[in-house]
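Here's the structure, in structure tokens; my notes come after.
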Amino acid sequence: MAATNTDTTGTQLTPLPAALRPGGEFDQYLSQLATHDQFSGTVLVARGGHPVLSRSFGYADKNKDLRNQADTIYCLASVTKLFTAIAVGQLVQLGELTLLDPIGQHLSGFTADVADKVTIHHLLTHTSGLGDFMRDPGYFEEAVTWTTPEQMMGGTLGHIRTESLAFAPGAGNQYSNSGYHLLGSIIQKVSGQSYYDYVREHVFRPAGMTDADFTTLPQWRSGSRYAHPYPTDQLGKRYDALDGDAYVYIGNPAGNALATAPDLVSFARALNDGTLLNAVYRDVFVTPKLPKPPLPAKPGLPPVTPFASYAPDNFLINGRWVAGHGGAAPGVSTSVDWYPGTEWTAVALSNYDMSPIPGVNQRLRQILTSQA
């Protein structure tokens, strides 16, 4: 039997899977994707906070000939929702909010069916009936003119106030960027800080996420450590999305914070060790709340049963839990998973379109949930 070892806290660690060893099956899989220019980015698998496998491929900035590295800073897309949800959890833990607060208790300007019926619980679980502000008529045309965080928060809120509900709150499930922006707006109102400053001070800093931030578009374009997103056009040619209007001045509570892969390992550990939420509220926010439709079966892979929580998604695979969140934007595909009851964390950050990341996740989940 392979020997086990312990981390710095004395927790016993499972043996390192052969598939994750340098040159092993998973390493070869990533290299093959990169060789065919199907993957550009960083994959980091950590155990006990220590890297087990760290691989980076492709270019962060092709014009400047800058390659992706272990400390490259990537756009996170909807992984950002984890930070928003945990910030809400902190305010609930402090007694500043309750999960059943209607949004009209904190925000004005909504019709009665929204203000009085949609609760924090509905926003967190995507059961509010609200939709996606990015699909609202005229949103992007206005958003590309904004040049301050205040305009981003206030202007987006103004668009959401015009939305109607797709269903009665709690009567359905619809992924809602609008709902998460409202959560960020409530964080501002209740905390007295800007959403951005609150997350920097109460999530990024205590979690030890030294490179995480809501980076402005000018900083993203000019900084030497940032991965530029490279989506494909209709002819299949990759282009730099920062050269056009695909991205606006700054991210928001629903998406597009920027961070490194090690930052996300630090976040997962800080969430699970009680740094960001105490053990009771951590369990309230990260454990399953609602079942979700089953994922399509994949040949050679175990069935995946998904659930929603207040922060990550939860997946039951091989009789074990996986928790985490993913995200996608033009030329961006991201995910962070952790494995409750173990010391494993897996991060995949890409500055290419989404297609390879689900396969990367599926292989990692199969490997890590198969451990005895």
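The values are calculated or read from the model by the stated rules, or taken from the named source; none is laboratory data. What you see is a predicted model, and the numbers here were worked out from it, not measured in a lab. With ideal geometry, Cβ positions are generated from the backbone for all residues, glycine too; neighbour counts draw on all protein chains shown. Protein only, heavy atoms only, side chains kept; ligands, DNA and RNA dropped before computing areas. Shrake-Rupley method; radii C 1.70, N 1.55, O 1.52, S 1.80 Å.
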Members of region 159-196 found to be without any contact (Cβ under 8 Å) to a residue 40 or more places away in the chain and assigned to a helix (DSSP H, G or I), listed by number: HIS159, ILE160, GLN188
Hey, ALA259 among the small types (Gly, Ala, Ser), touching a Pro at 6+ places or on another chain (Cβ under 9 Å) and either within 19 Å of ALA329 (Cβ to Cβ) or free of Cβ contacts under 8 Å to residues at least 12 places away in the same chain (or both) or not: no
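A quick yes/no check of all residues on (1) open to solvent by 40 Å² or more (accessible area, probe 1.4 Å); (2) β-branched (Val, Ile, Thr); (3) over 30 Å from LEU94 (Cα atoms); (4) not in a helix (DSSP H, G or I):
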residue: LYS298; (1), (2), (3), (4): yes, no, yes, yes
residue: PHE315; (1), (2), (3), (4): no, no, no, yes
residue: GLY341; (1), (2), (3), (4): yes, no, no, yes
residue: ALA346; (1), (2), (3), (4): no, no, yes, yes
residue: VAL360; (1), (2), (3), (4): no, yes, yes, no
residue: LEU364; (1), (2), (3), (4): no, no, yes, no
residue: ILE367; (1), (2), (3), (4): no, yes, yes, no
Selected residue (only one of VAL79, VAL43, VAL88 is in contact with a His (Cβ under 6 Å, 6 or more places away or on another chain), modelled with pLDDT of 95 or more and crowded, with 17+ Cβ neighbours inside 10 Å): VAL79
Residues being open to solvent by 30 Å² or more (accessible area, probe 1.4 Å) and assigned to a helix (DSSP H, G or I) - total across region 197-246: 11
Unmet requirement for VAL286, which otherwise passes all of (1) surrounded by fewer than 19 Cβ atoms within 10 Å (Cβ to Cβ); (2) farther than 30 Å from ALA143 by Cβ; (3) in contact with a strand residue (DSSP E or B) (Cβ under 7 Å, 6 or more places away or on another chain); (4) at pLDDT 95 or above: (1)
Count - residues of region 279-296 that are in a strand (DSSP E or B) and among the acidic types (Asp, Glu): 0
